[in-house]
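See structure below.
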Amino acid sequence: MNEMARKSESGFQVLARLGARPDISRLDTILFPDGLSQRQVIELFGGEGTGKTEMLMYLIVRCILPKTWNGLHIGGLGIGVVFLDTDYHFSILRLATILETHLTKAVQQNNAMKCENNTLKNDTIKFNTNQENENLHDANGDKITGITNQTGLTEEQIETFVKSCFQRLHVIRCNTSTQLVVTVHSLESLLGNHPDIGVLMLDSVSAFYWIDRNSGGDNVATQENNQRHLVRALDKLINEYNLVLFATKQMIFVKRQKQDQDNDSTPGGYHTPKGGSTNYDEIDHCEFMCKQWQTLVSDRWIFSRHEMKQVQKINSRSYIFRVLQTSRVKPKGHVTFGIDDSGIVDMQIVT
Amino acid sequence: MPSLRPDACPGLTATVVERLKEANVSTVIEFLNRGLEELSKDCGLPYQELTAIRRVLLAQYSSFPMSGVDMYDEAVSASAILSTGSHGLDTLLDGGLYTGEITEMIGPPAAGKTQVCIATAVAVVMETDHNVVYIDTGGSLCPSRLHQVMQSHDITEEKYEEMCQRIQCFKIFDIFQLQECLQELHQKILNQSAPFHSNLKLIIVDSVAAVILPILGGAQTDSHGHMIHLSRILKSLATDCSTAVLITNNTTGANNDTGQVLPSLGRSWHHIPNTRIAISRMNESSSKSFSSESKSETRRVSLVKSCKQVIGGSTMIAIKDTGVT
């Protein structure tokens, strides 16, 4: 930014731009064992129904949940999220369900903790009673008088909680690739007004791939025009506002060898990759986006879905989802998870 | 890509457009890509003027952010779940067809896709006051069957007439007509001019494969472009107009070893629907417990893709004279 441009900004906007964006390093300990740094771009790649959008839901929830609420320890980050929806697979009601489950779990955990604390106190162990702990006890004390169900929360309380989380979420639907590019340019003002926003999501970056190809004529360069403009605009935003970008990319193409391998695998079984994971992973991914996008992406997660063997089935879930995390070319590790009504569950690092 | 036209916004006069063109800026996106200071130098236009133009262009061509709270309130008040008329199918779909979503039903020929469509259309007009648009692309909608299913609800002749008027049918045989027809519907719903359209909650396209398959192949980019364009129209119908969209698609017998059926139309299409159910006839081994008579009418329906539910569940439905149960 140059001198003249600064003049057009309000003091508040300058502060928002230059001031520190929220800390996202502790977004998730399983997915980011080494922490997550600002300006990282993570691409979520996979076929249909492999859990890409579900993973975004999980990450949104981690972000928009508060650290504490009414003295309860919730454990979220309280960060704002901008969700660019081009696939129209985003369901706010689904997100509300996941938030509710988290609240219920947090309340139960707090109750359990409280019991523990009480026994500790009875054993006359001096407890570190800092401000937060005090609040926690007060809140729980209030709750106990009004217990109606398992968690002791009324429906209004849950709704207030869900809405307070949704205040940190901004959803933008885009229906054409031009609209998407212009919208990314226009995000400056939203980001300026909301310094709490630290994460940008795009579901998906490949939604207009065929339409762009079609309207670009015979020249590949013109076909990729909008893609390049999009990447440029995103890059500028990410760097200027220190954001993290999560973008899904659909598996539109598949490499031949992969299909052959699929045919070989035992049906119904949860098959392990053959011939070393590196080999398998390279085969799984197929790039079709423009060069600029490939340079922008710092990490790629490759999603796949596997049927579980009868004996492995837990809670009627019949699929296990796998994510292979790679940074540019180097594989970093596998994470598996299951999906049920309350979102992503049982996330584990596979060694 | 929208180009910069004179008078598209107040500051954008013919001379300004000309100046910008000299600096190699002729489209909205090119304008936005350039730094304003640099642009101001290149074409000798005042910085302030360019800032104003930029602001207007952004407002005109961008989509507006919606706060999560507003979206939630709107979803709670405007969402509807439409019963398919079959209890088993409703349970499988977590209540029925959701507005704002595209539900795809796949199955081999004669699996009963059209029967489910007809039964759903009838159930919606009978049990709710919502209206239905039924787009038939394969010539498979049989009026006498529609009549038969309606009669089973035991209604008077007058009522029958009224019900029939609430299901609007279109016979369309190519993708361009379909795109046009759907866009027209979109406009009519947003204008809320006719009472029929303001109460329209379900759009059925039986089937999408019938119009897309003929154009696939050959110049791949063209056909895929048209296909995705159609999907965009369907998606915006579902979300902007808050309607439920039910489409049917064929299957490919891709994997004989695993017995897994895949929807036709290729990978790019696979990503489109929010929910997908697969319908199939019972095979010999699993239908032994049924009498030979019921074997022909029982179908297995399973949930193969969903953005909100655990997938893998399945249910049995029966296709009878009275509809689908």
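Across the range A:163-215, which residue is farthest from residue A:62 (Cα to Cα) among those that are among the acidic types (Asp, Glu) and buried (at least 21 other Cβ atoms within 10 Å of the Cβ)? Talk me through it step by step, then tell me what you get.
Taking the range A:163-215 as the starting set, the residues that turn out to be among the acidic types (Asp, Glu) are A:188, A:196, A:203, A:212.
Going one step further and asking which of them are buried (at least 21 other Cβ atoms within 10 Å of the Cβ), we end up with A:203, A:212.
Values: A:203: 17, A:212: 34 Å.
Among them, the one singled out is A:212.
Modelled with pLDDT of 90 or more, within 16 Å of residue A:290 (Cα to Cα) and assigned to a helix (DSSP H, G or I) - does that describe any residue in the range A:219-228?
Yes: the range A:219-228 contains one or more residues that are modelled with pLDDT of 90 or more, within 16 Å of residue A:290 (Cα to Cα) and assigned to a helix (DSSP H, G or I).
Quick check: anything in the range B:134-149 surrounded by 23 or more Cβ atoms within 10 Å (Cβ to Cβ), out of contact with any Cys (no Cβ under 6 Å at 6 or more places or on another chain) and touching a residue at least 12 places away in the same chain (Cβ under 8 Å)?
Initially, the range B:134-149 is screened for residues surrounded by 23 or more Cβ atoms within 10 Å (Cβ to Cβ), giving B:135, B:137.
Still in the list and also out of contact with any Cys (no Cβ under 6 Å at 6 or more places or on another chain): B:135, B:137.
Filter once more, keeping what is touching a residue at least 12 places away in the same chain (Cβ under 8 Å): B:135, B:137.
Yes.
When you check residue A:184 against the structure, is it over 26 Å from residue B:240 (Cα atoms), touching a residue at least 24 places away in the same chain (Cβ under 8 Å), of a type in the set (Val, Ile, Thr) and part of a helix (DSSP H, G or I), yes or no? Break it down into steps so the answer makes sense when it comes.
Numbers: over 26 Å from residue B:240 (Cα atoms): no; touching a residue at least 24 places away in the same chain (Cβ under 8 Å): yes; of a type in the set (Val, Ile, Thr): yes; part of a helix (DSSP H, G or I): yes.
When the stated conditions are applied, residue A:184 does not pass them.
Hey, can you tell me all the residues within the range A:306-332 that are under 18 Å from the mean Cα position of the chain (by Cα) and either at pLDDT below 75 or not β-branched (Val, Ile, Thr) (or both)?
Step one: of the range A:306-332, the residues under 18 Å from the mean Cα position of the chain (by Cα) are A:321-327.
Across the range A:306-332, the qualifying residues are A:321, A:322, A:324, A:325, A:327.
Considering each residue of the range B:161-174, count those that are part of a strand (DSSP E or B) and surrounded by 13 or more Cβ atoms within 10 Å (Cβ to Cβ), and give that number. Working first, answer last.
First pass over the range B:161-174, keeping only residues part of a strand (DSSP E or B): B:167-171.
Those left that are additionally surrounded by 13 or more Cβ atoms within 10 Å (Cβ to Cβ): B:167-170.
Result for the range B:161-174: 4.
Can you tell me which residues in the range A:187-198 are part of a helix (DSSP H, G or I) and of a type outside the set (A, V, I, L, M, F, W, C)? Lay out the reasoning, then the answer.
Taking the range A:187-198 as the starting set, the residues that turn out to be part of a helix (DSSP H, G or I) are A:187-193.
Correct list: A:188, A:189, A:192, A:193.
Search the range B:191-236 for residues being in a helix (DSSP H, G or I) and under 15 Å from residue B:131 (Cα atoms), and hand back the single one that is nearest to the other protein chains (Cβ to nearest Cβ).
If we filter the range B:191-236 for residues that are in a helix (DSSP H, G or I), which is where we start, we get B:191, B:195-198, B:208-215, B:220-236.
Now narrow it down to the ones that are under 15 Å from residue B:131 (Cα atoms): B:195-198.
Values: B:195: 27, B:196: 25, B:197: 20, B:198: 22 Å.
Filtering the range B:191-236 for residues that are in a helix (DSSP H, G or I) and under 15 Å from residue B:131 (Cα atoms), the one nearest to the other protein chains (Cβ to nearest Cβ) comes out as B:197.
Considering only residues that are of a type in the set (A, V, I, L, M, F, W, C), within 14 Å of chain B (Cβ to nearest Cβ) and touching a helix residue (DSSP H, G or I) at 6+ places or on another chain (Cβ under 9 Å), which ones fall in the range A:51-83?
Pass one, the range A:51-83, residues of a type in the set (A, V, I, L, M, F, W, C): A:55-57, A:59-61, A:63-65, A:69, A:72, A:74, A:77, A:79, A:81-83.
If we keep only those that are within 14 Å of chain B (Cβ to nearest Cβ) as well, we get A:55-57, A:60-61, A:63-65, A:79, A:81-83.
Hits for the range A:51-83 are A:57, A:60, A:61, A:64, A:65, A:79, A:81, A:82, A:83.
On the given criteria, is residue B:228 buried (at least 20 other Cβ atoms within 10 Å of the Cβ), within 20 Å of residue B:269 (Cα to Cα) and within 16 Å of the chain's Cα centre (by Cα)? Can you show your working first?
On the way: buried (at least 20 other Cβ atoms within 10 Å of the Cβ): yes; within 20 Å of residue B:269 (Cα to Cα): yes; within 16 Å of the chain's Cα centre (by Cα): yes.
Against the criterion (buried (at least 20 other Cβ atoms within 10 Å of the Cβ), within 20 Å of residue B:269 (Cα to Cα) and within 16 Å of the chain's Cα centre (by Cα)), residue B:228 qualifies.
Where the second residue is charged (D, E, K, R) and the first is buried (at least 16 other Cβ atoms within 10 Å of the Cβ) and lies in the range B:175-198, which pairs have Cβ atoms under 8 Å and are six or more apart or on separate chains?
So the pair list comes out as B:186/B:240; B:197/B:188.
For the range A:203-217, how many residues meet the condition of being closer than 16 Å to residue A:286 by Cα and among the charged types (D, E, K, R)?
Of the residues in the range A:203-217, 0 are closer than 16 Å to residue A:286 by Cα and among the charged types (D, E, K, R).
I'm checking my understanding of the structure. Among residues of the range A:70-93 that are without any contact (Cβ under 8 Å) to a residue 40 or more places away in the chain and under 18 Å from residue B:238 (Cβ atoms), which one is nearest to the chain's Cα centre (by Cα)?
Per the criteria, the residue is A:91.
For residues that are under 33 Å from the mean Cα position of the chain (by Cα) and modelled with pLDDT under 85, tally how many sit in the range B:5-35. Step through it out loud before you land on a result.
Of all residues in the range B:5-35, those under 33 Å from the mean Cα position of the chain (by Cα) come to B:8, B:27-30, B:32.
Filter again for modelled with pLDDT under 85, leaving B:8.
Result for the range B:5-35: 1.
Are any of the residues in the range A:84-91 within 14 Å of chain B (Cβ to nearest Cβ), at pLDDT 90 or above and within 13 Å of residue A:199 (Cβ to Cβ)?
The answer is yes, given that some residue of the range A:84-91 is within 14 Å of chain B (Cβ to nearest Cβ), at pLDDT 90 or above and within 13 Å of residue A:199 (Cβ to Cβ).
Condition check ((1) in a helix (DSSP H, G or I); (2) modelled with pLDDT of 90 or more) across all residues:
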position: B:239; (1), (2): yes, yes
position: B:245; (1), (2): no, yes
position: B:248; (1), (2): no, yes
position: B:262; (1), (2): no, no
position: B:267; (1), (2): yes, no
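Please give the number of the condition residue A:48 fails out of (1) at pLDDT 90 or above; (2) within 12 Å of chain B (Cβ to nearest Cβ).
Only one criterion in (1) at pLDDT 90 or above; (2) within 12 Å of chain B (Cβ to nearest Cβ) is unmet by residue A:48, namely (1).
For the range B:27-124, list the helices (runs of 4 or more DSSP H) that sit wholly inside it and hold at least 1 residues that are within 11 Å of chain A (Cβ to nearest Cβ); which are they?
Numbers: elements: B:28-33, B:36-43, B:47-61, B:68-78, B:87-92.
Correct list: B:28-33, B:36-43, B:47-61, B:68-78.
The values are calculated or read from the model by the stated rules, or taken from the named source; none is laboratory data. Nothing here was measured: the structure is a model prediction, and the numbers come from that model. Ideal geometry is used to build each Cβ from the backbone, glycine not excepted, and the neighbour counts take in all protein chains shown.
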